[in-house]
Amino acid sequence: MKNNHWWKNAVVYQIYPKSFQDSNNDGVGDLQGIISRLDYLQKLGVDILWLNPIYESPQVDNGYDISDYRAINPTLGTMADFDQLLAAVHQRGMKLVMDLVVNHTSDQHRWFVAAKQGHDNPYRDFYIWRDGKDGHAPNNWGSYFSGPAWKYDPASDQYYLHLFAPEQPDLNWANPKVRTAVYEMMNWWADKGVDGFRMDVINLISKPQGLPDGPQSADEKYATVEGFVPNGPRVHDYLREMNRHVMSKHRMITVGETPGVTPTDAQRYANLDNQELNMVFQFEHMNLDANPNPALGKWYDQKPCLTDLRANLSKWQTELAGTAWNSLYWNNHDQPRVVSRFGDVSTEDYRVKSAKMLATMTHFMQGTPYIYEGEEIGMTNAGFTRLADYVDLESLNAYHQLVEEQGLVDGPTMLKYLAMHSRDNARTPMQWDGSANAGFSTHQPWEKVMANYRRINVDNALADPNSIFYYYQRLIRLRHTMPVITDGAYALVVGNEDDPAVFAYTRHDQETTLLVILNYTAQPLERHYDIPDTAERLISNYHDDQGDTLRPYEAKVYQY
Ligand code: TEU
């Protein structure tokens, strides 16, 4: 069946199953927990649910290390629970998207267990093995999670490649048997009724020819693979092949996680011709504030300035228009909470106002919006102050490498960065109500519940007509009912390019123009925009309209 872009005006809600809702009170969220919250998601109005990996996994990287692609992690439930969830989602007219993690498997996957048996094993070539060079790793690549990207296997006297943790060996996509096995597995889920895939680091599957050393600066222990491994030579061949074998046969939505892509790359991955993926997650707007300290690499410590943010978001809007499709997101399970990062949590009023302002910024753009669990109630960063509170291996590895092994950063400074950057910020349990553990579980949760849960929770949000929740609900309804939000042309308001505080853009089609005005700051400001007398205010985070006066974090959208 040909994909007919049915998903174009859909809104996706991302669920991190371990942290969403625990039904059996073991401290870990599960599939029955998700089922019990479907009414809530339906009330919000989202169309598609994307679940982070729920497969069998030793959980070294919270499920991104899969040991069986066709089994459910027992902590989350059974295959019967999954079938029940899928049916319940479909019954409500929603769709379900699974996470597809096929750049690597777990080292406990039967393919890797077999591969380790030795050179002659038929599964050896499912992974990337190389001899060492003069007693060292085959090349200078560093892993995304700190340390080297190669692990030595004494039994066979070879190294295997792992771009992430050593427990996440990279699959060898150059081997056609690997590709066939992956496509079969995808079709197996599609035949079950799954509506699509979010593809983990899918632009890493094709490795540079010959695996050469990468550029490495004097102060780096390993070469930073982010710079030269993504978008390898055969990646588009593989995705086209995957598309022919899988996507073209089902009515699916696909989104590729593609760190390091530019709009030009995205035009190939997510071209509207449907030969590869429907859209990608790009990260440029997440990395505008990269810390210049080389020891800290991609770690950041400040809110990006509006001029950079606007230029970047506008570039993606303009360059993909008519040729490819954008994803629109502020948050996911790897990113700190947007209201703490780009917004303002210094007062309760500013938290609510800035969360709505940021939602307005992306939800009126062209593309598919993704809402990450808790974003719709303005959940904040975790506020952890002790290393002992962190669970995520990326954070812990970075601390050990930078502070303890290399001595490049002192402990208190590193804790400061973790508080701003750690992936744990996004993974604290969903805050449902004011009861113990925020209504997530009666058992001590696997990750600490935030101290602010009695104030910030779903119960309070549902009881308050001015809550962030109801604002998101309205944004979603507007997307469903106004074609201009899906299809209209994007333009920056002339003269707005260098405004350090206000972002103003329009969307328009033959009938309608929308003018979006956003005060990115806590300062009251005066700005004049030409607005026809017939214009109506479609949505705003303030009750009244004070014309040219913009109050702190004011967001308003006019329709004419
Ligand atoms: O993330 C890929 C990725 O690029 C991350 O390394 C990201 O840069 C980092 O986490 C930001 O702090 C994907 C998944 O989303 C992530 O959860 C997994 O750990 C990773 O792949 C390995 O599967």
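A few remarks follow.
- Residue within the range 360-367 that is within 16 Å of the ligand (Cβ to nearest atom), open to solvent by less than 10 Å² (accessible area, probe 1.4 Å) and modelled with pLDDT of 95 or more present: no
- Some residue of the range 100-107 being open to solvent by 10 Å² or more (accessible area, probe 1.4 Å) and under 25 Å from the mean Cα position of the chain (by Cα): yes
- Pick from the range 520-554, criterion among the aliphatic types (A, V, I, L, M) and over 22 Å from N466 (Cβ atoms), ranking: most open to solvent (accessible area, probe 1.4 Å): I531
- Filtered by the rule that a residue be among the polar types (S, T, N, Q) and assigned to a loop (DSSP other than H, G, I, E, B), the range 211-260 gives Q216, S217, T224, N231, T258.
- Residues that are within 14 Å of the ligand (Cβ to nearest atom) and either open to solvent by less than 20 Å² (accessible area, probe 1.4 Å) or without any contact (Cβ under 8 Å) to a residue 40 or more places away in the chain (or both) within the range 165-186 comprise A165, Q168, P169, D170, L171, listed in sequence order.
- Qualifying residues in the range 55-77 (those that are closer than 21 Å to Q431 by Cα and either away from the ligand (no atom under 11 Å from the Cβ) or among the β-branched types (V, I, T) (or both)) - the one surrounded by the fewest Cβ atoms within 10 Å (Cβ to Cβ): T75
- The range 208-245 - residue that is modelled with pLDDT under 95 and charged (D, E, K, R) and, of those, surrounded by the most Cβ atoms within 10 Å (Cβ to Cβ): E226
- Taking the range 501-534 as the range and being in contact with a Lys or Arg (Cβ under 9 Å, 6 or more places away or on another chain) and assigned to a strand (DSSP E or B) as the test, the residues that pass are V502, F503, A504, Y505, T513, L514, L515, V516, I517, L518, N519, L525.
- Taken as a whole, the structure places M98 among residues that are more than 30 Å from Q158 (Cβ to Cβ) and within 14 Å of the ligand (Cβ to nearest atom).
- Every condition in (1) surrounded by 15 or more Cβ atoms within 10 Å (Cβ to Cβ); (2) in a loop (DSSP other than H, G, I, E, B); (3) polar (S, T, N, Q); (4) out of contact with any Asp or Glu (no Cβ under 9 Å at 6 or more places or on another chain) holds for Q401 except the one numbered (2).
- In the range 378-399, the residues that are touching a residue at least 24 places away in the same chain (Cβ under 8 Å) and within 16 Å of the ligand (Cβ to nearest atom): N381, A382, F384, Y390, V391, D392, L393, E394, S395, N397, A398
- Here F503 clears all of (1) in contact (Cβ under 8 Å) with a residue 40 or more places away in the chain; (2) surrounded by fewer than 20 Cβ atoms within 10 Å (Cβ to Cβ); (3) aromatic (F, W, Y) except the condition numbered (2).
The values are calculated or read from the model by the stated rules, or taken from the named source; none is laboratory data. Model, not experiment: these values are computed from the prediction. Glycine gets a Cβ as well: all are built from the backbone with ideal geometry, and neighbour counts include every protein chain shown. Side chains included, ligands, DNA and RNA excluded: accessible areas come from the protein's heavy atoms. Shrake-Rupley method; radii C 1.70, N 1.55, O 1.52, S 1.80 Å.
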